[in-house]
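Enquirer: Supplied in structure tokens, the structure appears directly below.
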Amino acid sequence: MGAIRLTALAALLVGAVALGAPTASAATTDTVMTWDTRNVVSGGNPRQLTLPISSETGAVCSFTVAWGDGTSDTISSCSAPALTHTYAEPGIYTTTVTGGLDRWSFHGNTTDRLKLVG
């Protein structure tokens with residue numbers, strides 16, 4: 001399958017979602033993103049990352065996420081606790097999401113949006 005790599009421009013567009021813009025949608029292909037968990041705002045945890053998944057009615061959430069530290073989780077609900085991952089150390093990690101996921105949104109996830117770097 002092809003991969004979608006979010007760029008700085010995409011990060012800005014996704015950041016706009018927090019400001020009330022329409023929710024971004026993605027096809028069911030691999031989505032590769034790079035995160036720097038050290039980029040925290042007040043109340044953020046530099047060892048944790050919560051994927052910015054929309055939980056609105058009708059959202060598709062059936063995917064596997066490889067967290068970039070050798071671990072992975074299978075997600076079957078848009079509100080699954082496994083959407084939040086704790087790393088052993090703060091740092092830069094590349095995640096790969098594979099499967100069905102049609103809505104990304106930083107709306108409500110204000111502590112992790114600065115962590116997306118590419």
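Enquirer: Could you give me the residue pairs with C-beta distances under 6 Å whose first residue belongs to the stretch 75-91 and is in contact (Cβ under 8 Å) with a residue 12 or more places away in the chain and under 18 Å from THR111 (Cβ atoms), whose second residue is of a type in the set (Lys, Arg) and open to solvent by 50 Å² or more (accessible area, probe 1.4 Å) wherever it lies, and which are 6+ apart or on separate chains?
Expert: Close Cβ pairs (under 6 Å, with a partner that is of a type in the set (Lys, Arg) and open to solvent by 50 Å² or more (accessible area, probe 1.4 Å)) amount to THR86/ARG47; TYR87/ARG47; PRO90/ARG38; PRO90/ARG47.
Enquirer: Only one residue in THR84, THR57 is modelled with pLDDT of 85 or more, of a type in the set (Ser, Thr, Tyr) and surrounded by fewer than 15 Cβ atoms within 10 Å (Cβ to Cβ). Which one? Lay out the reasoning, then the answer.
Expert: Details: THR57 fails: modelled with pLDDT of 85 or more.
Answer to the selection: THR84.
Enquirer: Another one. Do we have GLY118 as part of a loop (DSSP other than H, G, I, E, B), open to solvent by less than 50 Å² (accessible area, probe 1.4 Å) and in contact with a helix residue (DSSP H, G or I) (Cβ under 8 Å, 6 or more places away or on another chain) here?
Expert: Numbers: part of a loop (DSSP other than H, G, I, E, B): yes; open to solvent by less than 50 Å² (accessible area, probe 1.4 Å): yes; in contact with a helix residue (DSSP H, G or I) (Cβ under 8 Å, 6 or more places away or on another chain): yes.
The answer is yes for GLY118.
Enquirer: Collect the residues in the stretch 87-108 that are open to solvent by 20 Å² or more (accessible area, probe 1.4 Å), assigned to a loop (DSSP other than H, G, I, E, B) and either under 15 Å from THR31 (Cβ atoms) or not acidic (Asp, Glu) (or both), keeping them in residue-number order.
Expert: ALA88, PRO90, ASP102, ARG103, HIS107, GLY108
Enquirer: Could you list, in sequence order, the residues of the stretch 17-46 that are modelled with pLDDT of 75 or more, open to solvent by less than 50 Å² (accessible area, probe 1.4 Å) and among the small types (Gly, Ala, Ser)?
Expert: Within the stretch 17-46, GLY44 is the sole residue that qualifies.
Enquirer: Could you list, in sequence order, the residues of the stretch 71-81 that are outside any loop (DSSP other than H, G, I, E, B) and either open to solvent by less than 60 Å² (accessible area, probe 1.4 Å) or in contact with a strand residue (DSSP E or B) (Cβ under 8 Å, 6 or more places away or on another chain) (or both)? Outline the logic, then answer.
Expert: Step one: of the stretch 71-81, the residues outside any loop (DSSP other than H, G, I, E, B) are 72-75, 81.
Residues satisfying the conditions are SER72, ASP73, THR74, ILE75.
The values are calculated or read from the model by the stated rules, or taken from the named source; none is laboratory data. Bear in mind the structure is a predicted one, so any value in this text is a computation, not a measurement. In this analysis, Cβ positions are derived from the backbone assuming ideal geometry, glycine residues included, and neighbour counts consider all displayed protein chains. Only protein heavy atoms, including side chains, enter the accessible area calculation; ligands, DNA and RNA are left aside. Shrake-Rupley method; radii C 1.70, N 1.55, O 1.52, S 1.80 Å.
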